[in-house]
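Note sheet for the following structure.
Only the coordinates and a few stated rules stand behind these numbers; no lab work does. The model shown is predicted, which means the values in this text are computed figures rather than measured ones. Don't worry about glycine lacking a Cβ; one is built from the backbone with ideal geometry, like all the others, and counts go over all protein chains shown.
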């Protein structure tokens, strides 16, 4: 879905968007360092975290504030905002809600900052991928079985519960193993409960039917 948002204009800040589809590329670290460097130069800086799953930039800024309070020193802080992910049943409605939230943030801070640093989401991360799969499944509830939905939704709920805790003490190995185990259960539920139609073929990555449009010859 393509959105056009008017950000630039008279009196608008310089906008810097940091993005990369590959996880672990250092985009959030770069965004944080850039924001602090600009603050050190006396610029008014706003930051927006678009990754509501990982919240990496938000956590960096929170940790900076906590450390400054602990040491009783003053550190430059950006005007920070987090765009929360919409959790409605319709993907298009969710996109519209998230875009509206983003536009409200822009409208609220554009006159108060000289630079705006935006940390993009990572759509290829495990958390983002599972979240996207769950949202897509919600839109296709009529085409999948209860078993498939409950397995996928259960994975998302378990992952969300693990990520709500202290990230510093998170056992990432255990998280990966839990994801692998639940992914097998989702695939098994699809194998056992789905009719052998296009929905079933969608779960068969090695099958030619999974990549061939309906009605096409192979």
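Structure notes:
- FRET efficiency, residue 114 to residue 87 (Cβ-Cβ, R0 45 Å, nearest 0.05): 0.85
- log10 of Debye I(q)/I(0), alpha-carbon scatterers only, for segment 14-119 at 0.10, 0.12, 0.19 Å⁻¹: -0.30, -0.43, -1.00
- Across segment 126-205, Cα pairs under 8 Å and at least six residues apart give a relative contact order of 35 percent.
- Label positions at residue 140 and residue 183, each projected 7 Å from the Cα along the C-beta direction, are separated by 1.7 nm.
- Out of every Cα-Cα pair that segment 32-80 contains, those further apart than 14 angstrom amount to 51 percent.
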